Structures are given as C-alpha cells and as structure tokens.
Amino acid sequence: MTRPVVVMSIGKMHYARMMSEAAWERLHALAEVREHPGQEPASKSDLLALLPGAAAIITSWDVARLDRELINCAPSLRALAHMGGSVRRVVSDAVWEAGIRVTSAAPALGQDVAETTVGLIVVGIKRIWPLAQHVREGGWRETPWWPSRELRGRYVGIVGGGNIGRHVVRLLTPFEPRILVYDPFLPDAEADRMGVEKAELDDLLRRADVLTLHAPSLPETERMIDARRLALMKDDALIVNTARGSLFDEAALVAELSKGRFFAFLDVTDPEPPASDSPLRRLPNVVVTPHLAGCIENCTRMGEMAVEELRRFFAGEPPLYQVTPERLAHTA
C-alpha cells in the first residue's frame, strides 16, 4: 500500500528546535517524508518542486505563502499542519477553496507566552525591577518607588480570551486575583466556566491593577489602547504586552510612561525593534525584551502537535486545533 507523502518545508536550520526525536519517529511511521533540503524555510520555487503528489505539508515561520499557483500544482494536497503563531502568512484563499484542512500548533506556543506573561506579572506586581535598582543605588527598605504588592485580591485585566488568555487565567488562579476579561467573542457561559468576569474594555482599564494583552493584530484592534483609554487607567498600574505592539498607540503610551504613571513590560513594540532613539529604550519604568515570550530554543511541543494533527487526519479522526476562515477572521 502506497503511503501518503508529507512535505517538511520548515528548513533544516529549524529541525533541532522544532522537531523532537519522537516527533520524527511518529512522522516517518505514518508517511513518506519529502524534506526540503535547504537550511532556510522553503521558498515558492522550492515548493513548486516539492508539492506535486503530496497529501500534506508541515509549515512554519517564513515558509512561502501557498498561493493559487502552488495549490494548482498540488492537486493531492489535503492537509496543512502549521508550527508557529498565525497561519495568515501561509494560507491564501486558494487553500480554503481547495478544501485543505488547516491546523495550527499555536496553542503549544501559547503555553510559553502565557508562562512568560505570568512570570512578568509576578515580577511586576512585586516591583522587582525598580526595587532592585533602588538597592543597587544604595537604598533598602525606605518608602520606595512603587511599593511592592501581592496579586491576591488585585484586579488583573486580560484583553483577549483566546488560547493564550485562557492559559494565563489558569496559571493565575492559584494567586487568587480578581480576573476581568475583555473579548467580544467570549460567550458568557464560557467566562463563567473560566471563573472570570467579562468586562467592557473601558471598564476593565479603569479597574485593572494589571493589564495584560493577548488580542490578535487585526484592523479593528490596531491602536485599541489609545490616549483616551490610557487616561482611564490607575496611576500605579502594571502593563504587560506579549501580544502585538500595534495594540497600543505607542506615542500615547510613551507619553503616559514618560509621566511615570505606569510600569510596563513590553515584549513587543510598534515598530519592532523600537528605533535606536526610542524613549522605550531608556525610560526607567519600562523593560523592553526582544519578542521572546514564546519558545525560542525548545519549540518541540509544536512539532509533536503538528505530527499528531497529521496522524489524526490520515486516521480519519477530527482535528484538535483546526483553523477555518471564520475563526481566522477574529484570531491571530
């Protein structure tokens, strides 16, 4: 019996961090693997040579977009398993029109983002960064800049109740904060099940001691946190952004941070990286990290998830994390 062909398009430079030994073994057990031979992710010309006769493809960051020409050269293609954040840069209308099943391992990446987010929240609410600097400069337990606090009983406002936001809720629960969530697509019953309070965005911003963002970058979310909304926030709030820099009006954010109103951990900026002379690089109440909240070195959970999705596809089982055009319209 002829085994299905799966194209591995991610580029060999990503093998060690994306694919565990167990994932490779499972993939070879269920299909003939046609590997892109280059170190870099596959380009369009690479895919034109690889896709004919393939039943499925594994993609990741920087793989060429599967446009109509590529889909037309691959009439047997029926499944796409993506390893990374959004599939937006990989899929085209031609993918949906061909009825190709698209799945994403973003939930695995989301676990890492959520864990980083909660770590920053804990460090931030305890004021570790400014207090460590206070001690470095000779101080100790005088009334310091932004007194150290605990999460218990504080309001944590989460913007975006998708995969990452929900994992943040699970990780925060043992700390006993009061959790507010703004997400127009989160059903009331699901919010009740999660143990959170749904709130409109303005109300969430007024009440939050901690604001953490997990919304996708879409036209309707661009600069959703603008000058008016920043003015609603408490003077001593903590901001954590591990989503997208475009969710803020960055000029307005810089203006408020320059007043010393907030402390912010920004793993993402707009533009990215920030300009060499950006105030974000020098303000004492901002920590900017180079977009590292998701997995950097060890992303093998995504490889294992992608292979499991293909196993389920070839076995005729339902997918775990399918992406549809309707779902993609309001997610990352």
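Here, each number is a calculation from the coordinates, and none is a lab measurement. Please read these numbers as outputs of a predicted model, since none were measured by experiment. Glycine also receives a Cβ, built like all others from the backbone with ideal geometry; neighbour counts cover every protein chain displayed.
Points worth noting:
- Cysteines in the chain that, by Cβ-Cβ distance, have no pairing candidate under 4.7 Å: Cys73
- Using a simple spin-label model with pseudo-atoms 7 Å out from Cα toward Cβ, Ala49 and Arg88 lie 3.2 nm apart.
- Shape class of the stretch 4-88 from the alpha-carbon gyration tensor: oblate, with a/c at 1.5 or above and b/c at least as large as a/b.
- Counting only aspartates and glutamates at least 8 places from Lys126 when in the same chain, those with an alpha carbon closer than 14 Å to its own are Glu150, Asp209, Asp236.
- For the stretch 124-248, the relative contact order is 25 percent, taking Cα pairs closer than 8 Å that sit 6 or more residues apart in sequence and dividing their mean separation by the residue count.
- Cα gyration tensor shape for the chain, rounded if a/c is under 1.5, else prolate or oblate: prolate
- Environment charge of Arg68, counting only residues whose C-beta is closer than 13 Å and scoring Lys/Arg +1, Asp/Glu -1: -2
- Bridging of Lys12 to aspartates and glutamates at a Cα separation below 16 Å is possible for Glu21, Glu35, Glu40, Asp46, Asp62, Glu297, once same-chain residues fewer than 8 apart are set aside.
- For the chain, averaging the sequence separation of C-alpha pairs within contact (under 8 Å, six or more residues apart) and dividing by the residue count gives a relative contact order of 18 percent.
- Of the chymotrypsin sites (Phe, Trp or Tyr not before Pro) found in the stretch 105-160, those that fall in a DSSP loop while having at most 12 other beta-carbon atoms within 10 Å are Trp140.
- Which of Glu309, Glu326 has the fewest Cβ neighbours within 10 Å, and the rest in rising order: Glu326, Glu309
- All other residues whose Cβ lies under 11 angstrom from that of Arg149 are scored, Lys and Arg at +1 and Asp and Glu at -1, for a net of +1.
- Backbone N within the stretch 12-36 under 12 Å of label point (7 Å from Trp61 Cα along the Cβ vector): 14, 17-18
- Checking every one of the GluC sites (Glu not before Pro) in the stretch 96-144 against DSSP loop status and a limit of 14 other Cβ atoms within 10 Å picks out Glu137, Glu142.
- At least 20 Å along the helix axis (C-alpha) and Kyte average at least -0.5, DSSP helices within the chain: 106-125, 300-314
- Max mean-square fluctuation residue, GNM over the chain, Cα-Cα springs under 10 Å, options Ala108, Ala42, Ala191: Ala191
- A full extension of the chain between Ala231 and Ala251 corresponds to an added length of 5.9 nm, given 0.36 nm per residue minus the alpha carbon distance.
- Sequence of Thr2, Thr59, Thr324 once ranked by neighbouring C-beta atoms within 10 Å, starting from the fewest: Thr2, Thr324, Thr59
- Multiplying the residue separation of Glu297 and Arg136 by 0.36 nm and subtracting their alpha-carbon distance yields 54.8 nm.
- Taking a ≥ b ≥ c as the square roots of the eigenvalues of the Cα gyration tensor, the stretch 109-288 is classed as oblate, since a/c reaches at least 1.5 and a/b does not exceed b/c.
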